[in-house]
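The values are calculated or read from the model by the stated rules, or taken from the named source; none is laboratory data. Here the structure is a predicted model, which means the values were calculated and not measured. Every residue, glycine as well, gets a Cβ built from its backbone with ideal geometry; the counts of neighbours run over all protein chains shown. These area figures cover heavy atoms from the full protein model, side chains too; ligands, DNA and RNA do not enter into them. Shrake-Rupley method; radii C 1.70, N 1.55, O 1.52, S 1.80 Å.
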Amino acid sequence: MQYGLNEEQEMIASTVRSFVENEIYPHEDLVERTGEVPKEIAQEIKRKTLDLGFYACNFPKSLGCAGLNHLEFALVERELGRGSMALNHFFGRPQNILMACTGDQIEKYLKPAVLGQKMDALAMTEPGAGSDIRSMSCSAKQDGGDWVVNGTKHFISGADHADFIIVFVASGEIDTPKGKKKKITSFLVDRGTPGFIIRDGYKSLSHKGYKNMILEFTDCRLPDSQVLGAVDGGFDVMNEWLYATRITVATMSVGRARRVFDYALDYAANREQFGQAIGKFQGVSFQLADMITEIDAADLLTLSAANKLDQGEPSNRDIASAKLFASEMLGRVTDMAIQIHGGMGLMEDLPLERFWRDARVERIWDGTSEIQRHIISRDLLRALGA
Ligand SMILES: Cc1cc2nc3c(=O)[nH]c(=O)nc-3n(C[C@H](O)[C@H](O)[C@H](O)COP(=O)(O)OP(=O)(O)OC[C@H]3O[C@@H](n4cnc5c(N)ncnc54)[C@H](O)[C@@H]3O)c2cc1C
């Protein structure tokens, strides 16, 4: 296992970090204040990412993309994590599940997605089915050669800007020794398809401007050609392409924590009380020591999980540990940074209260902390036959 980065990997990280500092940071206050990303700013970020050769950098060179491996892509996500989610959404990283496209889907969805011509979103969660995703009730039934979809999805990030959505629906049931289980199929659904509505979702505490939307299907007819992967093979395609994406939450948490830490360190060095820098008080300096230790630990755990993926080693538990530890670390680090800033930490004049609010969702989306603990402990116990 090698944690040291080579020159090219260091270059990837520093290029993306400069991009975030120059192209994302300057617009953050506006997005935070208005809850919107102006179209021209979104287009500008997209254009500059394309020019830089980083658009869809998680896709292979055969498609004209950068073809980064998991470790390199983790570095990109880590640096993007420093900036606003709403803005860095346009530093396009289409869902890599689009690699499951076949036939006409390649020209209609995969290629436009990696060229920045079409944007995607991914919909699994429903009001009645979150962690227990297999209990979903949004369904597709066959009728006269079409699939007819009915139901609701909620919390769907980026659907406001999406040209099409990858939607997982229940396509039947199978009998198993543990009872009936839903079969799942994934579909590519174009915005504007009759019977399909994308509407405003909830106002979230975290990540202003990065909206979550509600999708409603009412007798929405989809031909077989819209099935992504195999009919009833939704879980296969999900397992093949999606489980690695949980690393993203971990790496972004690390990047944001480093940005938060820089504020705390600077303040501790410069704010004086009782005639000296507050960083000279052990009560403050020890918090700094704990923060950087936790950040470094989360960074190593995350890069190690990404590296394992690249080596083709089983990494489900490592990914879950990285997601769990890094997202919880970010919560602790943002909290300590506010404490070090005293009252100023709570004021909107500084971005710390925003980082603290933004941190909260990382323990929830892409599988809650409890679900990560479940994955980790099941992996350990299963090995002993328990
Ligand atoms: C801002 C935002 C954006 C999102 N974007 C998307 C998106 O783009 N696409 C998408 O499909 N989804 C998205 N999600 C959904 C997200 O993945 C879910 O919120 C998450 O999986 C949890 O589901 P839930 O909110 O329904 O909570 P629930 O599953 O109802 O969980 C409630 C509580 O019960 C606990 N719990 C549940 N089961 C267990 C168990 N077995 N053991 C122990 N504790 C358990 C949970 O940990 C949690 O504390 C988004 C969510 C948010 C908040």
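Observations on the structure shown:
- Surface composition of the chain: carbon and sulfur atoms hold 52% of the protein heavy-atom accessible area at a 1.4 Å probe.
- In this structure, Gln273 and Thr293 have a Cβ-Cβ separation that, at R0 = 25 Å, corresponds to a calculated FRET efficiency of about 0.50.
- Across segment 90-103, rounded Karplus estimates of 3J(HN,Hα) from the backbone phi angles (6.51 cos²θ - 1.76 cosθ + 1.60, θ = phi - 60°) give 8, 7, x, 10, x, 4, 5, 4, 5, 5, 7, 4, 10, x Hz, Gly and Pro being marked x.
- Built amide H within the under 5 Å cut-off of Ala159, gap 5+: Met213
- Dividing the summed helix terms, -39500 (n - 2.57) for each DSSP H run of n ≥ 4, by the number of residues in the chain produces a 222 nm estimate of -14000 deg cm²/dmol to the nearest 500.
- Where N is the number of residues in segment 147-213, Cα Rg divided by 2.2 N^0.38 Å: 1.37
- Mean Kyte hydropathy of -1.0 or more with a Cα span along the axis of at least 24 Å, helices from DSSP in the chain: 246-270, 282-310, 316-341
- Each Lys or Arg adds one and each Asp or Glu subtracts one; over the other residues with Cβ under 10 Å from the Cβ of Lys118, this totals 0.
- If only the Cβ of Lys and Arg carry +1 and only the Cβ of Asp and Glu carry -1, the dipole of segment 187-237 around its Cα centre is close to 460 debye.
- The charge dipole of the chain, taken about its Cα centre with unit charges on the Cβ atoms of Lys, Arg (+1), Asp and Glu (-1) only, comes to about 700 debye.
- In this label model, Arg221 and Thr368 are separated by 4.1 nm, measuring between points 7 Å along each Cα→Cβ vector.
- Pairs spanning more than 23 Å between alpha-carbon atoms, out of Lys39/Lys208; Lys111/Lys203; Lys141/Lys183; Lys108/Lys181: Lys111/Lys203; Lys108/Lys181.
- Within a Gaussian network of the chain (alpha carbon springs, distance under 10 Å), most fluctuating of Ala277, Ala74, Ala264: Ala277
- Multiplying the residue separation of Leu115 and Ser285 by 0.36 nm and removing their Cα-Cα distance gives an extension gain of 56.5 nm.
- Accessible area per residue in Å² at 1.4 Å probe, computed on the chain: 47
- The value of relative contact order for segment 1-103, using C-alpha pairs under 8 Å at least six residues apart, is 35 percent.
- At full extension, Glu10 and Asp236 could sit 77.9 nm farther apart than now, given 0.36 nm per residue minus the alpha carbon distance.
- Reachable aspartates and glutamates from Lys280, criterion Cα separation under 16 angstrom, eight or more residues apart if same chain: Asp266, Glu272, Asp290
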